[in-house]
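Some notes on the structure that comes next.
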Amino acid sequence: MDKLFNQLRICTELIEEGSNGNISWLNEFCAAFHTFASKFKLYLPELAPRYDIDGNVKIHVETIFLCFTQVLTCITQLERIINIEENIGEDTRLFTTRSHFLNRIDWCVKRLNASLYQISEEVATSSQVKLEDLSFVELLDMSLDRLETYNEIVAENKEGDNEDATPDQPHDQLYSEVNQIVKHALAFANVALAADEKALREICETVLEECSVFQKNFDALNAGDRKLEALSLQRALYSLETYLNEALLRLILTSLLDVEEISITRLKNMLHHGEAPEVMINKLISDFDMNMDRIQQIGVIAIAFTEDVKTKTIVRSCLASMESLDSCIVPAFQLQTSSNGMQHADVLEHHFIEEIVIFRNVIHEIIDSRALISSYLDMLADSIHIADKNCPKDQLLKIAQMGDILYQHFQLKLNYQELSEDGQRLHQDFVAILRECQAVLELSTQIDPKRIIKRLKILHSVLTKLRDGFGRHEVLGSSCPNGNFSTVLNKTLSYSSRQKSSFARPRKDYILSKTRNIIPSDNESDLISFQLTEVLKIN
């Protein structure tokens, strides 16, 4: 470990020289960090199996992976900055832009140092897992497993006529776990669509009430009644999970569309020219901030539903990049009064767009295709129903534009390969009718509403066939090379054998082997000679 700490010290010293560094300095830093990464890789066979099992230590390893990815991201941006400086003049330095990325690298190196220290001293091995560190899915699994174990113990006690026996796991711990589950759900509800926010809060209240009743009556009831109380709490937890998944899918469709409509480029241009009314500018900034909060929550839940450390790291890195940009990107757009200010804004804009593209693609990699189609079908059906009662044209246009999210979903090779031959034909029909619906709704001339509704119904019919085709394709066992992909949407949850969430596809190794290809090819750098993906590989 001493060699790793010494190499990090060298990296830190080089970071301090970065404010005026040229391409030679960046090459030197890349070489130093590459040396550290190569040495760290030697420890992975020893660390990975050992710390994957222990939740406390695993968080340090995952932090290291995140820092690796963030350093690589910032190196790419620093290379871009150096190239810009060379083009606009040798004596010109974008100090503000450099500082943004150098500070991020410095933070990552310090976190690497701290995490390595934690591992080397084995501090985390002596402490228990904190509920605050667990994700929504981990907490839900823990609570449901506890209830399931309790039900089995109750059944054994009933057979032995020992109704006063209590389970090994205290019910107070269950109450703490459920409280943390509700905190996660309410954090999501704060950024969910209005109707979903209200419903989620009501379900959370029900979960807390059921848990309180279970805890309060635990000692007063006999074994049979306790089991009924446990089953009632299980149903409430399953209801929360199911609705949160459905709300998440609707939020993804809405937020990814808003990324296009409330674009960073539009915000940058509006703040640069300053010609729009202040009210309009403030609303755009407010809408942009809200959508970023939604993106963060989508990412947090996506991480929770993903088992692979590589996929988790990609999502975490995107969220970290966008969080670091959140506090500085709007001020940068407002200060485009000089050449340096405009270049600074351009670099941050380019960086933001890159991270959004990566984030969008990895979410499409994780998400279950059939579940996404079903969510869109529900929203489309509601719009068609309202359209019969004179729905505003702009609302129908937004729903039609939301279909572009499905189009993007199947633009990824991994998702398109899931389609059977018949499914690929239906996909072509979907694209054709989607474009026709959008074109009709974008016309400025008055169109007979019946013609619009007819096209939307055709779109609904084509998508329904496309979705239903997934079920037939999976039954044949050919939707995944490993043969382990199966949809979970609309399947009845069994209390004795819990199914995976409908948000994420249980693809495991198949999807994870594809995640390294989600970064667009134009992001690749000739400067950086090492591949971080190889550093992160766990054998």
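The values are calculated or read from the model by the stated rules, or taken from the named source; none is laboratory data. Every value quoted in this text rests on a predicted model; they were computed, and no experiment measured them. Cβ: placed from backbone, ideal geometry, glycine included. Neighbour counts: every protein chain shown. Just so you know, the surface numbers come from the protein's heavy atoms only, side chains and all, with ligands and any DNA or RNA stripped out. Shrake-Rupley method; radii C 1.70, N 1.55, O 1.52, S 1.80 Å.
Compared with the direct C-alpha span, the chain from Ile23 to Ser212 gains 61.8 nm at full extension, assuming 0.36 nm per residue. Look at the alpha carbon pairs under 8 Å that are at least 6 residues apart: their mean separation over the length of the range 181-241 gives a relative contact order of 33 percent. In a fully extended conformation the segment linking Asp448 and Met1 would gain 153.6 nm over its present Cα-Cα distance, using 0.36 nm per residue. Applying 0.36 nm per residue to the separation of Asn269 and Ala432 and subtracting their alpha-carbon distance, the gain on full extension is 55.4 nm.
Taking only protein heavy atoms and a 1.4 Å probe, the accessible area of the range 369-468 is 50% carbon and sulfur. With a simple spin-label model that places each label point 7 Å from the Cα along the Cα-to-Cβ direction, the separation between Gln408 and Asn222 comes to 5.9 nm. A crude spin-label estimate for the pair Asp141 and Glu197, with each label 7 Å from Cα along the Cβ direction, gives 3.1 nm. Measuring r between the beta carbons of Asn390 and Ala114 and using R0 = 60 Å, the FRET efficiency lands at 0.50. Any chance you could check the Cα centroid distance between the range 342-410 and the range 175-191 for me, in angstrom? Each part reduced to its Cα centre gives a spacing of 26 Å. Taking all Cα-Cα distances within the range 369-468, those exceeding 18 Å account for 42%. Quick one: putting +1 on the C-beta of Lys and Arg, -1 on the C-beta of Asp and Glu, what dipole do you get for the range 369-468 around its Cα centre, in Debye to the nearest 20? The calculation lands at about 180 debye. For the pair Asp468 and Thr92, label points projected 7 Å from Cα toward Cβ lie 6.1 nm apart. When Lys and Arg each count +1 and Asp and Glu each count -1, what net charge do the other residues less than 12 Å away from Ile458, Cβ to Cβ, add up to? Cβ neighbours under 12 Å give a net charge of +3.
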